[in-house]
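The structure appears below as structure tokens.
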Amino acid sequence: MSLLIIRLLVFVLVFWAGWRLWQYWQGFQNQRVEEQQGKDGHESMVKCEECGLHLPSSEAIQSGKLHFCCSEHRDAYNTPPRDDKDN
């Protein structure tokens with residue numbers, strides 16, 4: 001009978017240690033996500049200078065202080081307009 005109690009105690013101890021390790025790991029993962037997103041848990045949104053689309057700052061392409069949703073819009077914004085006087 002005492003061997004059965006010892007096995008039960010060992011099982012409970014192993015289960016408890018695994019549960020605590022899982023909680024620690026989840027807390028560590030949540031902390032990393034919060035650090036990546038900022039202190040308030042939300043990432044700042046920026047506006048594409050070319051089309052006006054709002055997107056997270058981590059997904060935007062930055063050119064100086066300006067933000068763009070894609071490299072095509074960055075290039076289009078930085079290219080001077082063509083003067084079509086040949087028509």
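No value in this document is a laboratory result; all are computed from the given coordinates. Worth saying up front: this structure is predicted, and the values here are computed from it rather than measured. So basically every Cβ, Gly included, is an ideal-geometry build from the backbone, and we count neighbours across all protein chains shown.
Computed from label points 7 Å out along Cα-Cβ, the spacing between D75 and Q62 is 2.3 nm.
When the Cα positions of A60, W25, N78 are compared along the charge dipole of the chain, W25 comes out farthest toward the positive end, with charges on each C-beta of Lys, Arg, Asp and Glu. Helical runs (DSSP H, four residues minimum) scored at -39500 (n - 2.57) apiece and divided by the length of the chain put the mean residue ellipticity at 222 nm at -17500 deg cm²/dmol.
Note on the chain: Rg/Rh from Cα positions, Kirkwood definition for Rh, rounded to two decimals, is 1.53. Between W19 and V33, the modelled labels are 2.3 nm apart [label points 7 Å from Cα along Cα→Cβ]. Considering only Q23, Q62, Q31, the mean-square fluctuation computed in a Gaussian network model of the chain, springs between alpha carbons under 10 angstrom, is largest for Q23.
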